[in-house]
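Working notes, structure below.
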Amino acid sequence: MASPMSAGSFLARLKAEGLTVVEVGDWEHHNRNHKGPWGPVHGVMIHHTVTSGSSRTVEICRDGYSGLPGPLCHGVITKDGRVHLVGHGRANHAGLGDDDVLRAVIAEKALPRDNEANTDGNRHFYGFECENLGDGEDPWPEAQLDAIERAAAAICRHHGWTERSVIGHLEWQPGKVDPRGFTMAAMRERVRDRLK
């Protein structure tokens, strides 16, 4: 069981991994903790936003929208490779997912196919939303893929996790397709190599 890192440690770990970090407003205290606990944390979840335009994307992920209040993640990774911190604590990003997947993440084993939504993922995962239309055609610049790799590795390094603690939303919740345009297997290989 891992306690979430403090806001200060989160910021320091991301910077130590070589990331350019943008602090958005009072991100350290922006969360959904009144809706339930954050932690113990067990992994990192990667998403795509289905948006275009970095400033609009960051604003939506910070503030949310009708029916889904923000923050919608902890960090927004824009196409230029910058990580915009928009929240710290419980965030509306993972939703309900498969308890078998969570057990595999905790054990750092191969993921089973997600086939049910019975477990609160917002409690157990750090979340990064990545600026992309999610249509399978919008490109993923290398700077952005590098930032996803570095952000996931920073968290894994802090907690002593392997790359198997990094999953995509599509591996957690039935019906989700994000991130689309690269495979999580390839991203986990990148994280594994960075952690060596």
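Structure notes:
- Cα gyration tensor shape for the stretch 51-143, rounded if a/c is under 1.5, else prolate or oblate: prolate
- Virtual paramagnetic centre 7 Å along Cα→Cβ of Asn33, amide N under 19 Å, in the stretch 63-80: 63, 69-75
- Given charges at Cβ of Lys, Arg, Asp, Glu: the chain dipole, positive-most of Leu68, Gln173, Ala153: Ala153
- Size of charge dipole - the stretch 1-69 - debye, nearest 20, with Cβ of Lys, Arg +1 and Asp, Glu -1, no other charges: 160 debye
- By the equivalent-ellipsoid construction on the alpha carbon gyration tensor, the chain comes out with semi-axes of 20, 19, 18 Å, ordered largest to smallest.
- Relative contact order (%) - criterion: Cα under 8 Å, at least six apart; region: the chain: 28 percent
- Solvent-accessible surface of protein heavy atoms, probed at 1.4 angstrom with all chains present, puts Ser6, Ser54, Ser165, Ser66 in the order Ser66, Ser6, Ser54, Ser165, largest first.
- DSSP beta bridge pairing in the chain, given as percent antiparallel to the nearest 5: 35 percent
- Computed 3J(HN,Hα) for the stretch 80-95, one whole-Hz value per residue from the Karplus formula 6.51 cos²θ - 1.76 cosθ + 1.60 where θ = phi - 60°, is 7, x, 7, 10, 9, 7, 10, x, 8, x, 5, 9, 7, 10, 8, x, glycine and proline marked x.
- Surface analysis of the chain yields an accessible area of 43 Å² per residue, using protein heavy atoms and a 1.4 Å probe.
- Gyration tensor (alpha-carbon) shape descriptor, the stretch 1-90, a/c threshold 1.5: oblate
- Using θ = phi - 60° in the Karplus curve 6.51 cos²θ - 1.76 cosθ + 1.60, the 3J(HN,Hα) couplings for the stretch 112-123 round to x, 5, 6, 9, 7, 10, 10, 9, 6, x, 4, 6 Hz; x is entered for Gly and Pro.
- Near the amide H of Arg82, within less than 5 Å, lie no amide hydrogens of residues on another chain or at least 5 residues away, with H placed in the peptide plane.
- Reachable lysines, given that their alpha-carbon falls under 26 Å from the alpha-carbon of Lys35 and they are not under 8 places away in the same chain: Lys176
- Report summary: the helix-based calculation at 222 nm, which adds -39500 (n - 2.57) for every DSSP H run with n ≥ 4 and divides by the residues of the chain, gives -9500 deg cm²/dmol.
- Exposure ranking of Lys176, Lys79 by accessible area [1.4 Å probe, largest first]: Lys176, Lys79
- By average C-beta atoms within 10 angstrom, highest first, the peptides 141-151, 18-28: 141-151, 18-28
- Amide hydrogen proximity for Gly43: with H placed 1.01 Å from N in the peptide plane, the residues at 5 or more positions away or on another chain lying under 5 Å are Tyr126.
- The chain - percent of accessible surface contributed by carbon and sulfur, probe 1.4 Å: 48 percent
- Two-site FRET efficiency, Asp193 against Glu116, from Cβ-Cβ distance with R₀ of 30 Å, rounded to 0.05: 0.40
- Karplus (6.51, -1.76, 1.60) ³J(HN,Hα), θ = phi - 60°, over the stretch 46-54, in Hz, Gly and Pro reported as x: 10, 10, 10, 8, 6, 9, 9, x, 4
The values are calculated or read from the model by the stated rules, or taken from the named source; none is laboratory data. Bear in mind the structure is a predicted one, so any value in this text is a computation, not a measurement. Heads up, the Cβs are rebuilt from the backbone with ideal geometry, glycines too, and the neighbour counts pull from every protein chain shown. SASA here: full protein model, heavy atoms, side chains in, ligands and nucleic acids out. Shrake-Rupley method; radii C 1.70, N 1.55, O 1.52, S 1.80 Å.
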